[in-house]
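Beneath this line is the structure, given in structure tokens, with notes to follow.
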Amino acid sequence: MAEVLDRKMQTLPVPVKVVPAEKIEPNRLRTEEMVLNVGPQHPSTHGVLRLEAVLDGELVIDVVPFLGYLHRCFEKHSEAMTYPQVIPYVDRMDYLAPMNGELGYALAVERMMNIELPEKVEYIRVLFNELQRIASHLVAVGTFGMDAGAFTPFLYCFRDREDVLEIFEKTCGARLLYNYIWVGGLSHDLHPDVLGMCRAFVKKSRATHKEVNELLTFNKIFVERAANIGVLPADVAINGGASGPMLRGSGVKWDLRRNDPYSIYDRFEFDIPVGTGMMGTLGDCFDRHWVRMCEWEQSLNIIEQILEKFPQNDKTDVQKAVPKRIKPAAGEIYSRVETARGELGYYIVSKDDIKPWRVKVRSPAFVNLSLLPIISRGYLMADLIVILGSVDIVLGEVDR
Amino acid sequence: MFQDLNSFIVDLIGKGDLADILAVVVYAALPLVVILGYALVAILAEMKLSAWLQDRLGPMRTGPWGILQPLADILKLLQKEDTTPTDADKKLFNVAPFIVFIGSYLAFAALPFASIYAGARINTGIFYLIAVSGIVVVGILMAGWGSNNKYALLGSMRSVAQIISYEIPAGLAILSVVMIAGTMDMQTMCKLQQGGIQNWFIFGGPKSLAGFGGNYAWLLTPFMLVSFILYIVASLAETNRVPFDIPEAESELVAGYHTEYSAMKFALFFLAEYANMFAVSAIASVLFFGGWNSPFPGFLDAPWLGVIWFIGKAVTFVLIQIWIRWTLPRLRVDQLMHICWKVMIPFGMATVLVVGTIVTFLAH
């Protein structure tokens, strides 16, 4: 689908009026629109994205995102891999939140095979998913600040993200691409230190949350930059298929952890923060940022509850439920999870083989990015960068 | 101690043409030495301060505690290939960095480093400084246009609009001081502020200037404070520092007007920025904080120690600029103009009016 849309976008007419040389009247020169290629090598495109912006002075008349610079044929690759072999490729889609992606894929296959999981595995999965959500939001908040010109909060965020990565490293040895959540279980049991590290992280992260709020969120200059910019009304967000903080920023209370509960999310108390237009208009960049800040806090709440309830004396093997042979019966499934970016859906078709016949991914970043032209027309060039930052795309997931 | 550097040279080689030429060369070269030395320190300070603000260590590998990092950076820049884009306007492109640097360098001619040293004794010193800072604008515009790059063009256009706009509040802030001092000569301004911290212009200036036994000087203090804040904010904008670094806004314009520059030409822009930071800070220290004067009469106030006080005060403001840079986000171009024209200029006008009234009717 990405490829088809990509082609469509390339054929979209860019509204540039070309005046023939003989028709130019020297005394009545008017200002021309300028086409500015932002990216694929640009500090603020968050990867290899190219935006073709039509500018009138600094005013953005139109913008078209061009994708495909990071296309790695994930979906086609999956058809040649066995079910467990797909998981490392899943990691490489949303490389800022691989745990979320892995959970989505594992859940889809488990649902096809009706696998019952040990409780301990469920707890570890949710714990790591929430840690991953925080890590991902830290990057989103930090880079969003950097797009607005604030460099320091970015490094505070990365300092905290480092703690999360260390927890993951301690558990499975990898820092970025884990291959941790397997179909029917996990690759490793928790390291004995991890729960202590999580407790320390929650304490530290609450302090950072406060610090980032003081330094960035309620900074007058930042509010001026983010409020009333890139307004996405709720109806447009729903029609455009937006999800995650992008949708909730527009005031729509939709979170798959509540609305379509998976794993053991129904056991925990947490709020679903939505945008309220507290600094400007409902659905502006500030609201999306604020939703991420609140979700960071809510994820910390969930982690605290997990740490309380965690079955520490449970010595169950985390690979107890991993099937010897992963070969779902013929059929198809659409399974979705709430990642840090929104609804990540896997549509898997099985033809009773050890390889999936088709894997289709509904990627939240891709859908959210498709709304960029709608919300950035009529703002300034500087706002375009802030709006793009507030969408929080990961090009690995957009292009797949 | 000699009266000034000129008489020292005359004493050394005797009076004559040779002494004059030598004096000119020394006066012209000394600031360059100061700028280069200062730039090395300032670059390191920026690296280290930003690192500490961000919970990092900063450079630690190059030399003990990373102190050789600026040298290594400059050596790297010297070795880099000097590229010129194919479609660039070569003349403009090549000349621009020099014009920008010259604009910053010219300012050093009028800075009174000490009572015994000021490059050129210009009786309209501060006026001269405002004038030469305009040359930088020409260089930036040439760089942006000559690069034939859209980012560079946008950056230079923004820069020109910004620098020209912010010279007005800066000028108004300077005007308040000039009204109190009754002179535009930087050296005389410093001399007026002799005799301790209470005589600095930030506290209303020398008591001898104010009427009624100097009592009304205190009346000026709040207005001078406003002037000072206006000047500092405007100087941040004139040196393209955060929160006004819109011309080279990294996240939008890659590197603004110096996107296409490499090697030494880039280094010249870099050097000019740091030189500019020092120049505006030095002007602030002369205008409001007594220039080369010691804060307490009789405390380390030998004439040659003035250099230390002067550079110390200027560097303090440079450090404040660095601190601000790594704390605040960046404004948008229309917000920047809004602040300049609708906030700072009215405040500047009001300050000039009040200070003018006080000076006219109560002082002298």
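We did not get these values from a lab; they are worked out from the coordinates using the rules stated. Everything quoted here is computed from the prediction, not taken from an experiment. Neighbour counts are summed over all protein chains in view; Cβ atoms, including those assigned to glycine, are modelled from backbone coordinates with ideal geometry.
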For residues of A:260-266, the mean tally of beta carbons on other chains within 10 Å: 0
Relative packing of peptides B:191-198, B:74-81, A:224-231, A:264-271 - highest average C-beta neighbours within 10 Å first: A:224-231, B:191-198, A:264-271, B:74-81
Cα-projected label distance for residue B:148 with residue A:210, points at 7 Å along beta-carbon direction, nm: 5.7
Ellipticity estimate at 222 nm from DSSP helix runs (n ≥ 4, -39,500 (n - 2.57)) divided over chain B, nearest 500: -21500 deg cm²/dmol
Amide H partners (placed H, <5 Å) of residue B:330, local residues excluded: A:149, A:150
Proximal lysines to residue A:220, defined as alpha-carbon separation beneath 18 angstrom and excluding residues fewer than eight positions away on the same chain: A:210, B:342
Amide hydrogen neighbours beyond the local backbone of residue A:358, cut-off 5 Å, H modeled: A:349
Segments B:286-297, A:320-331, A:170-181, B:263-274 sorted - mean Cβ within 10 Å per residue, highest first: B:286-297, B:263-274, A:170-181, A:320-331
Nearest-0.05 FRET efficiency for residue A:238 and residue B:87, computed from C-beta distance (R0 51 Å): 0.65
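What average number of partner chain Cβ atoms lie no more than 10 Å from the Cβ of the residues making up A:215-224? Show your work: numbers first, answer last.
Numbers: counts 3, 1, 0, 0, 4, 2, 8, 3, 1, 6.
Per-residue shielding by partner chains comes out at 3.
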Span-rule helices in chain B, defined as complete DSSP H runs reaching 18 Å or more along the axis (Cα) with Kyte mean at least -0.5: B:17-53, B:90-107, B:125-146, B:150-181, B:217-238, B:263-288, B:306-325, B:345-361
Virtual spin-label span in nm between residue A:71 and residue A:334, 7 Å along Cα→Cβ: 2.3
Cα-based reach from residue A:324 at 17 Å (exclusive), listing lysines while leaving out same-chain residues under 8 positions away: A:355
Segments B:127-140, A:73-86, A:356-369 sorted - mean Cβ within 10 Å per residue, highest first: A:356-369, B:127-140, A:73-86
Per-residue mean of C-beta atoms belonging to partner chains within 10 Å, peptide B:152-163: 1
Flagged links, alpha-carbon separation over 27 Å, of A:253/A:327; A:253/A:315; B:80/B:150: A:253/A:327; A:253/A:315
5 angstrom amide H check on residue A:343, placed H, neighbours 5+ away: A:243, A:244
Rel. contact order, % - alpha carbon contacts under 8 angstrom, at least six apart, chain B: 22
Modelled label reach - residue B:11, point 7 Å along Cα→Cβ, the range B:285-303 residues with backbone N closer than 15 Å: B:303
